[in-house]
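All remarks here apply to the structure that follows.
The values are calculated or read from the model by the stated rules, or taken from the named source; none is laboratory data. Values in this document were obtained by computation on a predicted structure and should not be read as measured data. Cβ placement follows ideal geometry from the backbone for every residue including glycine, while neighbour counts extend to all protein chains displayed. Please note that ligands, DNA and RNA were not included when accessible areas were found on the heavy atoms of the full protein model with its side chains. Shrake-Rupley method; radii C 1.70, N 1.55, O 1.52, S 1.80 Å.
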Amino acid sequence: MEGIQLSCVLSCCYSTKTHFRLRHRSPELPFLCLPPPRPPPSRRPRASLRIRTSLPSMALQVQDQQSFHKSKEMLPKIDKSGRFCSPRAARELALLIVYASCLQGSDPIRLFEKRINAAREPGYEFDKDSLLQYNHMSFGGPPVTTQSVEEADKLLRSDEQDSAIEAEVLSAPPKLVYSKLILSFARKLLVATVDKWDSHVLVIDKVVPSNWKNEPAGRILELSILHLAMSEITVLGTRHPIVINEAVDLAKRFCDGAAPRVINGCLRTFVKDLAGTSQAQASKSKQEVALEV
């Protein structure tokens with residue numbers, strides 16, 4: 001776990017520039033939440049009083065409506081007990097734990113167990129209705145230009161409401177949010193990530209761009225996504241198209257800039273090299289068998 005401890009030390013030097021938003025549930029339970037996928041409220045959308053009547057603007061409105069309905073159709077799955085039962089939720093939880101362990105310099109498995117078994121705050125009540133409003137497929141996007149101040153205020157209030165729901169869900173006791181199956185899957189992901197951490201550090205160093213190597217403390221979240229995805233492919237045996245798609249969606253949701261595209265390229269290179277290594281080993285085994293015969 002030297003890589004995790006190193007990331008924690010480096011993060012101390014990057015605390016004034018990092019784009020991550022950290023939230024603390026309480027002084028007794030300082031678990032970190034993932035950065036919100038939407039811009040912070042301080043970045044107020046610009047209000048434009050120009051009336052748009054061109055065809056491109058109409059097409060954009062139709063596209064926005066289609067994206068909205070698509071996101072509504074892809075809301076997280078809730079089981080009969082009212083808890084998340086989607087694999088996406090497990091990967092998101094595992095990412096939260098790995099990210100927090102990197103910042104704290106702690107073991108992800110111990111941090112996961114500590115959070116699972118942590119006592120609830122006196123008088124704490126979790127609103128399960130927030131699970132129905134929480135959307136795993138809510139991605140950030142480019143800056144929005146509105147047509148009036150009222151529309152900008154409405155959009156801002158909507159963003160603040162979404163951020164409040166995300167904070168409530170991601171900081172709630174996991175047993176109230178995730179089903180037993182999802183908690184088990186998240187733990188398997190963490191165990192696989194810890195087991196392969198040191199070896200995957202060397203692999204990641206070969207596939208990531210040079211600017212990520214120069215600022216590892218500013219790329220903790222992106223590198224954590226790579227670690228989780230590579231471990232799921234090599235240890236758990238999940239089909240790589242699924243893992244790559246999930247990793248890219250996590251990057252779209254919680255990272256910024258070109259991170260989704262870079263993560264997609266890194267994982268495809270990793271899978272290609274992995275397939276080449278497997279073929280070479282299989283060929284070598286056949287040659288050894290032929291010589292024995």
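Quick one: count up the residues across region 205-226 that are surrounded by 22 or more Cβ atoms within 10 Å (Cβ to Cβ) and either among the basic types (K, R) or over 15 Å from C255 (Cβ atoms) (or both).
Selection size over region 205-226: 1.
Show the residue pairs meeting these rules: Cβ distance below 8 Å; 6+ apart or different chains; first residue within region 144-168 and in contact (Cβ under 8 Å) with a residue 12 or more places away in the chain and within 17 Å of S130 (Cα to Cα); second residue open to solvent by 50 Å² or more (accessible area, probe 1.4 Å) and acidic (D, E).
E168/D127
So, in region 94-119, of the ones that are within 12 Å of K175 (Cα to Cα) and touching a residue at least 12 places away in the same chain (Cβ under 8 Å), which residue ends up surrounded by the most Cβ atoms within 10 Å (Cβ to Cβ)?
Checking each candidate, the answer is F112.
Anything in region 227-259 that is under 9 Å from the mean Cα position of the chain (by Cα) and open to solvent by 50 Å² or more (accessible area, probe 1.4 Å)? List them, or say none.
Answer for region 227-259, where residues must be under 9 Å from the mean Cα position of the chain (by Cα) and open to solvent by 50 Å² or more (accessible area, probe 1.4 Å): just K252.
Under 9 Å between Cβ atoms, which residue pairs at least 6 apart in sequence (or on different chains) link something in region 243-270 that is within 16 Å of L95 (Cα to Cα) with a partner that is of a type in the set (S, T, Y) and assigned to a helix (DSSP H, G or I)?
From residues that are within 16 Å of L95 (Cα to Cα), the pairs are F254/Y99.
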